[in-house]
Amino acid sequence: MAENLTKAELVEAVAKAADITKSAAAAAIGCFLGTIAGHVGKGGKVTLVGFGTFSQKVRKARTGRNPQTGAAIKIGASKSMGFKASKAGAAKKAAPKKAAKKK
């Protein structure tokens, strides 16, 4: 399994790949993420073909339980950002290749 990638490591990788400074890469990544968050926060969807879709998830108000006392508590409705990976973007386990037969 792959190790987690921090934002600093992402900035460094983008800077290296695009041959730009780390500050320029950090600004670009910040703008990219801010744009996605702003659009999804207004109820929109952001679809990146071959990667996935960011959308807003809405949770209805519900009744829960306090784990310490067992008392019923009201949990308010909330909104959060969701992400669904595309089939092409999702990590797939490759099937083992069969050896080619020689004639």
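The values are calculated or read from the model by the stated rules, or taken from the named source; none is laboratory data. Everything numeric in this text was worked out from a predicted model, so none of it was measured. Every residue, glycine as well, gets a Cβ built from its backbone with ideal geometry; the counts of neighbours run over all protein chains shown.
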(request) Take region 16-67 and flag every residue that is assigned to a loop (DSSP other than H, G, I, E, B), under 27 Å from K87 (Cβ atoms) and aliphatic (A, V, I, L, M). (result) V49
(request) Mind listing just one residue for me: the one in region 2-23 that is of a type in the set (D, E) and at pLDDT 95 or above and, of those, surrounded by the fewest Cβ atoms within 10 Å (Cβ to Cβ)? (result) D19
(request) Sort out which residues of region 45-60 are in contact (Cβ under 8 Å) with a residue 12 or more places away in the chain, within 30 Å of G76 (Cβ to Cβ) and either aliphatic (A, V, I, L, M) or surrounded by 11 or more Cβ atoms within 10 Å (Cβ to Cβ) (or both), and write them in order of number. (result) G52, T53, F54, S55, Q56, K57, V58, R59
